[in-house]
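Presented below is the structure to which this report refers.
The values are calculated or read from the model by the stated rules, or taken from the named source; none is laboratory data. As the structure is a prediction and not an experimental result, all values here were calculated from the model. When we count neighbours, we look across all protein chains shown, and the Cβ atoms used for this are built from the backbone with ideal geometry, even at glycine. These area figures cover heavy atoms from the full protein model, side chains too; ligands, DNA and RNA do not enter into them. Shrake-Rupley method; radii C 1.70, N 1.55, O 1.52, S 1.80 Å.
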Amino acid sequence: MLESLRPEPPPEESPRPDPKFPAGEGASGTRSPALNGLFILAAFYTLYLARTFFLPIVLAALLSFLLTPVVRGLKKLHIPGGVAAAIVVLGLLGALGLGIYELSGPAYEWAQQAPRTFRKLESKLEQLKKPVQTMSNATAQVEKITTVGNNQAPPTVVQQETLGEKLFSQTTDLVTGGAVMLIFLLFLLASGDLFLRKLIRVLPRIADKRTAVEIARRIEDDISTYLATVTMINGGLGLGTWGAMALLRVPNPLLWGVMAWAVNYIPYLGAMTMYAVLTMVGFLTFPSTGHALMVPGAFAVLNILEAYLVTPLVLGKRLTLNPVVVFLGLTFWGWIWGVAGAILAVPIMVVFKIFCDHSEPLAPVGEFLGD
């Protein structure tokens, strides 16, 4: 009886979340791995889906790192920042237009000769095509035998986009992206350190302000040095290729020199592309096999000197990346943004490595990215 009169103990309350840590975070202040993984996947999907928006912005940011020292040099000559930025952008646009104008003639000539060139190449590869053609005919006969007696519905005809429509669409996207890139580059060069000053103003602690300034200066110095050095190295490779093709009497040597300069921004894949193109050009230009192989052979000598002697000697170890990481980065950014992504892969990874080197939690990632 007395036990029934005793007051019942209060029900146990569920533990309240610690107000110091938001929901989903632990005592260490870090979110769960699953949430971090979902955030990374969402970021990658956004980069892929909105590539037409991000590509001009990223390219303009990287070019601003390269061209900012030029703008500062013009400011020292008492030229206003906006005028200096306009001079640099107009100079870049003029150099690009001059290059396109100079190369349009050889490119148009090769385009006109393309049907005859491919017929000539096809005749030289006829012996290699015979086994493949025999196998294709046998496969077609087997498929025909296995489908006898089956009532198949007539194939549906899917109307595909014509070649002219594809070229017009791609040209429109390229011109639009180029215009956005140049306008954004102009604003970045004209604004100078505006965004850095605003970032420093909103950061609460003095240590964070110093870290932000250090990271920004390091990224600007290292990326501008890297891009300028790589551009000079690629220019030397292009000049060497131009001279070698002229000595071998390959038609339009300037075209192949400029192509070697441009594709060498893509590690590994650029050299492989040049080997394939110059091999084809050699066999289409010269009747003898030995003379034809001299064309890619000359480029091989220049490429080996550039990759194993000039680049390590000039660039040094400071900005070199792990070769495995470079290959994975090329594959990933090429899948995300195509050829432009493959070109921008190494500068993007260099920026990420600099950021990791100045962040204590990401320091192991920066060590992994380094050579």
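Here are some notes:
- Entry remark, the range 339-371: residues being surrounded by fewer than 16 Cβ atoms within 10 Å (Cβ to Cβ), charged (D, E, K, R) and part of a helix (DSSP H, G or I) number 1 in total.
- Filtering the range 331-371 to residues that are of a type in the set (A, V, I, L, M) and closer than 16 Å to ARG51 by Cβ leaves ILE336, VAL339, ALA340, ALA342, ILE343, LEU344, ALA345, ILE348.
Every residue, every condition in (1) within 30 Å of VAL365 (Cα to Cα); (2) without any contact (Cβ under 8 Å) to a residue 24 or more places away in the chain; (3) loosely packed, with under 14 Cβ neighbours inside 10 Å, yes or no:
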{"residue": "TYR265", "(1), (2), (3)": "yes, no, no"}
{"residue": "VAL277", "(1), (2), (3)": "no, yes, no"}
{"residue": "MET280", "(1), (2), (3)": "no, no, no"}
{"residue": "LEU293", "(1), (2), (3)": "no, yes, no"}
{"residue": "GLY297", "(1), (2), (3)": "no, yes, no"}
{"residue": "GLU306", "(1), (2), (3)": "yes, no, no"}
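- Evaluating ALA61 against the criteria (1) over 30 Å from TRP256 (Cβ atoms); (2) open to solvent by 80 Å² or more (accessible area, probe 1.4 Å) leaves one unmet condition, (2).
- Helices (runs of 4 or more DSSP H) enclosed by the range 1-107 - at least 1 residues per element that are in contact with an Asp or Glu (Cβ under 7 Å, 6 or more places away or on another chain) and modelled with pLDDT of 55 or more: 51-76
- Selection of the range 38-96 for residues being among the small types (Gly, Ala, Ser) and touching a residue at least 60 places away in the same chain (Cβ under 8 Å) yields ALA60, ALA61, SER64, GLY81, GLY82, ALA84, ALA85, ALA86.
- Of all residues in the range 282-291, those being open to solvent by less than 30 Å² (accessible area, probe 1.4 Å) and without any contact (Cβ under 8 Å) to a residue 12 or more places away in the chain number 1.
- Any hit, the range 318-329, residues being touching a Lys or Arg at 6+ places or on another chain (Cβ under 8 Å) and open to solvent by 30 Å² or more (accessible area, probe 1.4 Å): no
- Verdict on THR225 being out of contact with any Cys (no Cβ under 6 Å at 6 or more places or on another chain), open to solvent by 30 Å² or more (accessible area, probe 1.4 Å) and not acidic (Asp, Glu): yes
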